[in-house]
Structures are given as C-alpha cells and as structure tokens.
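Notes to accompany the following structure.
The values are calculated or read from the model by the stated rules, or taken from the named source; none is laboratory data. Everything numeric here is computed off the predicted structure, so don't read it as measured data. Note that each Cβ is placed from the backbone with ideal geometry, even for glycine, and that neighbours are counted across all protein chains shown.
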Amino acid sequence: MSAHLADSAVYGHLWSTPEMHGIFDDEARLQSWLDILSVLADAQAEVGLVPAQVAQEIASYAQVDRLDVAKVGERTRATGHSTLGLIQCLREILPKSAREWVYYGATVQDLSDTWTAVVMRKVADVMERDLATLVDACAALAREHRDTVMCGRTHGQPGLPITFGFKAAVWLSELSRHRVRIAEARPRLEVVQLGGALGTMEFWGQQAVPLLEAFARRLGLGAPDIAWITARDRVAEFLGLLAMVTATLGKIGQEIYELQRPEIGEVREPFTAGQVGSITMPHKRNPELSEHLVTLARIVRADAAVAVEAMVHEHERDGRAWKSEWVVLPEACLLAGTALSVAGELVRGLEVDVDGMRANVDSTRGYLMSEPVMRVLAAKLGKHTAHEVVYEASVDGRRRGQHLREALLADERVAGQLTAEEIDRCLDPEHALGPVRSFIERALAQAGPRR
C-alpha cells in the first residue's frame with residue numbers, strides 16, 4: 001500500500017525519480033543515519049573519546065541489512081522518540097564491548113540535521129547535473145532558432161516580433177543563474193550539526209571542538225561556527241532554491257502549454273505512439289509534460305513556505321517547527337528532481353513550428369511593427385506626437401479592416417513624412433528585431449564557461 005503518490009507503483013513516476021527516491025526511502029535514510037553514527041564514533045576515537053576498536057566494531061555492524069526495519073519502526077512507536085528505536089535495535093546486534101559507546105553524547109538533531117546536510121549535498125549534485133543538461137538543451141534551441149521570427153507577446157497579446165531563439169536564450173540565462181545560486185549556497189548548506197543536548201557540546205568537554213572538526217572532515221562537510229538546532233535558515237534557503245528552480249521550470253512549462261494551443265500552434269510537446277490525450281475525445285493531444293511542470297512547481301513553492309515557517313523556533317529546540325521539515329524537505333526534493341527530468345524531456349523533444357510562427361506574425365497585418373514606424377516617425381515629429389499619430393492610424397485601420405500599411409498611407413500626417421518605401425522597411429519584421437541576435441549570443445557566451 002502507498003500513502004504518498006511518490007511511492008505509488010501506478011503514479012510514482014509523476015512525483016519522483018528512481019534516483020531521488022533512492023535518497024529518501026526508509027532503507028536509504030536508515031543507512032545514511034547509520035553511516036553518520038559510524039563516522040561519529042570514528043571521529044570520537046580520533047580525539048580519544050571512544051576506544052578505536054569500538055569505532056571499528058560500530059562501523060562493521062552499522063548496516064541496514066543487518067537490522068529488522070519493521071522492528072525499528074515498532075521500537076520507534078513504542079518509545080515515542082525519533083531515533084531511540086534505531087539505537088536500541090543497533091545495540092542489540094553490536095558486540096557487548098561497543099553497546100555503550102554508540103551514539104555517545106549525541107542527540108536526535110545531531111543525527112537528523114547532519115543527514116539533512118548530506119541530503120542537500122546529494123540533491124544539489126543532481127540539480128547541478130540536470131540543470132547543466134537543461135541549459136545545454138535551451139542553448140541548442142537558441143542557436144537553432146536564432147532567426148526564427150515569432151510574435152513576442154505582452155499581457156497575452158502580440159506586441160513586437162522576436163525570435164524563438166531569443167525566448168530560449170531567456171530561459172537559458174535564468175537557468176544559468178540558478179546554477180550559480182546553487183554553487184554559491186552549497187558551502188552554507190552542507191554543514192554538519194553536532195551539539196549534543198542544547199548545542200553547547202557540553203558532554204564532550206575539552207574535546208568538543210576537535211570532535212566537531214573531525215566529524216565534519218570525515219563526512220566531507222563544513223563545520224558550523226555554532227550549533228544550528230534552532231537556526232533553520234539553511235533548510236529554508238535550500239527549499240527556497242528548489243522553489244526558484246521549479247518556478248522557472250513551471251514558467252517554461254506554462255509558456256509551452258500556451259504556445260501549443262491550436263489557436264496559436266507554434267510548438268508541440270514530444271509525442272510517442274500510444275500516448276492518449278483523452279479517453280473520450282480520441283483526437284486530443286494534451287500538453288501533459290508542460291502542465292505537470294506547473295503543478296510540481298506549485299507544490300514545491302508551498303513546501304518552501306512551510307520551511308520558512310519552520311525558522312520561527314522557540315528556545316533551544318522546538319519539534320513543532322523542526323519536524324515539519326521532515327515532511328517538506330523530502331517532498332520538495334522528489335518533486336524538484338521530477339521537474340528537472342520532465343523539463344529535460346520536454347525541451348529536448350520540443351517540436352517548433354517555424355511556419356506557424358511566421359504565419360502568426362503575418363496574421364497581425366503589420367500592426368506588430370507599429371513601434372518601428374513610431375521610432376522612425378519620432379525623428380520627424382517627436383516621440384510622443386509620433387505615438388499619438390501611429391496610435392490613431394492603427395485604431396482607424398483596424399476599425400476599417402485594413403493592413404497597417406494601408407492605414408499609414410491613408411493618414412496624411414504619416415504619408416507627409418514617410419515614403420511608401422520607408423513604411424515598407426518599417427513593416428519588415430526583420431526591421432523590428434533590433435539587437436535580438438546579439439543578446440542571444442551574449443546569453444550563450446555567459447552560460448558557456450559554467451558548463
């Protein structure tokens with residue numbers, strides 16, 4: 001039985017990836033906790049707190065396949081403590097000489113928060129890899145469609161011509177900044193927690209700070225300046241990064257969702273034989289990938305909001321806030337990993353209808369180029385007067401069902417300043433692109449070195 005969709009044999013592929021699921025399932029979590037306990041014992045042996053032979057024994061027995069996971073669950077419920085069930089089961093299989101030394105002086109958040117740091121490192125690795133792949137896919141679109149003219153739209157309406165390569169380069173640039181954000185955040189996020197009861201490390205006496213440094217070094221993580229039991233900004237920042245990354249992916253999904261509408265018909269999602277859009281309308285080809293990106297992003301943003309709420313802590317430990325992270329951290333990571341996978345599939349397989357894009361430009365009957373006309377006319381009449389003149393000619397031309405060229409030639413204020421050839425030049429979509437191609441190249445160059 002599966003309570004969460006990520007664990008569903010039927011729907012799990014929509015809410016997780018095998019790689020991400022392998023980080024967060026029970027066996028993976030318990031093994032990671034056992035690894036942390038082993039490293040802790042090893043670090044304690046290094047600074048003389050635990051016998052070296054004991055540390056070796058703990059490492060040898062701290063394997064999840066040696067434990068009965070169901071029994072760990074039973075003991076956890078019986079004790080009402082987050083980690084005592086695990087410790088009891090581990091102590092039962094350890095040699096007698098090691099039983100009193102496991103988890104020596106540590107508390108639950110030392111284990112769970114250090115695990116959180118380990119998880120953030122693993123997930124950041126996946127994000128950096130998949131973002132790099134997605135950046136490359138967007139770069140390929142930007143290069144291929146550098147000259148593919150299409151309608152640029154503001155407020156849902158045609159505004160000026162752009163190229164599809166320009167749109168893809170905007171995606172590329174934003175995704176590249178996310179890569180920088182993740183790289184910059186990692187030293188702040190990937191930090192151990194080792195504080196004992198209240199974060200003061202009192203239990204370990206004079207060996208406390210050397211122990212902290214040895215523990216962090218052995219895990220390949222940073223050592224904090226002070227315990228972060230109640231300072232949850234690291235987790236909130238990480239989920240904020242996931243929210244921002246998935247929001248960008250959701251934006252890309254939303255754009256493709258809209259452009260795929262038959263009324264616009266400029267792009268299409270990849271399609272495989274046997275894929276069904278509707279069980280009642282056989283002709284349907286639904287934007288499954290792009291709309292799912294929007295869904296995933298919404299939930300990750302909600303999870304990130306909970307993580308921010310968890311920053312409000314009481315005194316030196318507050319389970320009400322801290323334990324909410326146990327729900328939202330795994331879910332946000334699972335969904336973000338899925339979103340990156342889906343976005344990669346979508347962008348790499350995107351079908352771009354070049355002719356459809358040009359047809360939509362032409363269907364505006366020249367009105368898409370009103371700004372270039374105004375710009376040229378501004379040199380003769382002044383910008384604001386030129387705007388009024390072109391605005392009035394456009395309103396009158398549309399009312400009459402005319403092409404913008406006809407409307408402009410019929411207006412004496414325009415015809416008295418511009419020749420028919422000059423107007424035709426202004427109405428050429430190429431004339432309205434400006435330095436679009438230069439900006440595409442700038443975005444490609446900026447993203448290139450980080451790949």
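Quick notes
- Residue within the stretch 135-146 that is over 23 Å from A447 (Cα atoms) and either surrounded by 18 or more Cβ atoms within 10 Å (Cβ to Cβ) or out of contact with any Leu (no Cβ under 6 Å at 6 or more places or on another chain) (or both) present: no
- Conditions (1) modelled with pLDDT of 95 or more; (2) hydrophobic (A, V, I, L, M, F, W, C); (3) farther than 30 Å from A343 by Cα: number failed by A197: (1)
- Failed criterion for A117 (all others in (1) in contact with a Leu (Cβ under 6 Å, 6 or more places away or on another chain); (2) of a type outside the set (F, W, Y); (3) more than 23 Å from V245 (Cβ to Cβ); (4) touching a residue at least 40 places away in the same chain (Cβ under 8 Å) hold): (3)
- Residues that are of a type outside the set (K, R) and either over 16 Å from D35 (Cα atoms) or modelled with pLDDT of 95 or more (or both) within the stretch 70-83 comprise A70, V72, G73, E74, T76, A78, T79, G80, H81, S82, listed in sequence order.
- Residues satisfying the stated conditions in the stretch 202-226, i.e. crowded, with 21+ Cβ neighbours inside 10 Å and without any contact (Cβ under 8 Å) to a residue 40 or more places away in the chain: L212, A216
- Residue selected from the stretch 321-355 under the condition among the charged types (D, E, K, R) and either outside the structural domain of A142 (by TED's automatic domain parsing) or touching an Asp or Glu at 6+ places or on another chain (Cβ under 8 Å) (or both), by the criterion nearest to A231 (Cα to Cα): E331
- Those residues of the stretch 213-240 which are in a helix (DSSP H, G or I) and of a type in the set (V, I, T), in sequence order: V235
- Checked against (1) within 20 Å of M369 (Cα to Cα); (2) free of Cβ contacts under 8 Å to residues at least 12 places away in the same chain; (3) charged (D, E, K, R), E430 passes all but a single condition, namely (2).
- When the stretch 183-201 is filtered for residues that are within 18 Å of R218 (Cα to Cα) and not acidic (D, E), the ones remaining, listed by number, are R186, P187, R188, L189, V191, V192, Q193, L194, G195.
- Considered as a group, the residues in the stretch 129-186 that are of a type in the set (S, T, N, Q) and modelled with pLDDT of 95 or more include one that is farthest from E430 (Cα to Cα), and that residue is T133.
- Inside the stretch 401-435, residues that are of a type in the set (A, V, I, L, M), closer than 16 Å to Y367 by Cβ and out of contact with any strand residue (DSSP E or B) (no Cβ under 8 Å at 6 or more places or on another chain) make up a count of 8.
- Taking helices (runs of 4 or more DSSP H) as the structural unit, those lying wholly within the stretch 28-144 and holding at least 1 residues that are under 24 Å from W228 (Cβ atoms) and touching a helix residue (DSSP H, G or I) at 6+ places or on another chain (Cβ under 6 Å) correspond to 84-93, 108-144.
Residue-wise test of (1) touching a residue at least 12 places away in the same chain (Cβ under 8 Å); (2) under 30 Å from A117 (Cβ atoms).
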| position | (1), (2) |
| --- | --- |
| E291 | yes, no |
| R317 | yes, yes |
| C333 | yes, yes |
| R358 | yes, no |
| M369 | yes, no |
| T385 | no, no |
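- Residue selected from the stretch 1-27 under the condition small (G, A, S) and in a loop (DSSP other than H, G, I, E, B), by the criterion nearest to L293 (Cα to Cα): S16
- Exactly one residue out of A41, A45, A28 is without any contact (Cβ under 8 Å) to a residue 40 or more places away in the chain and either more than 30 Å from V342 (Cβ to Cβ) or in the same structural domain as Q207 (by TED's automatic domain parsing) (or both), and it is A45.
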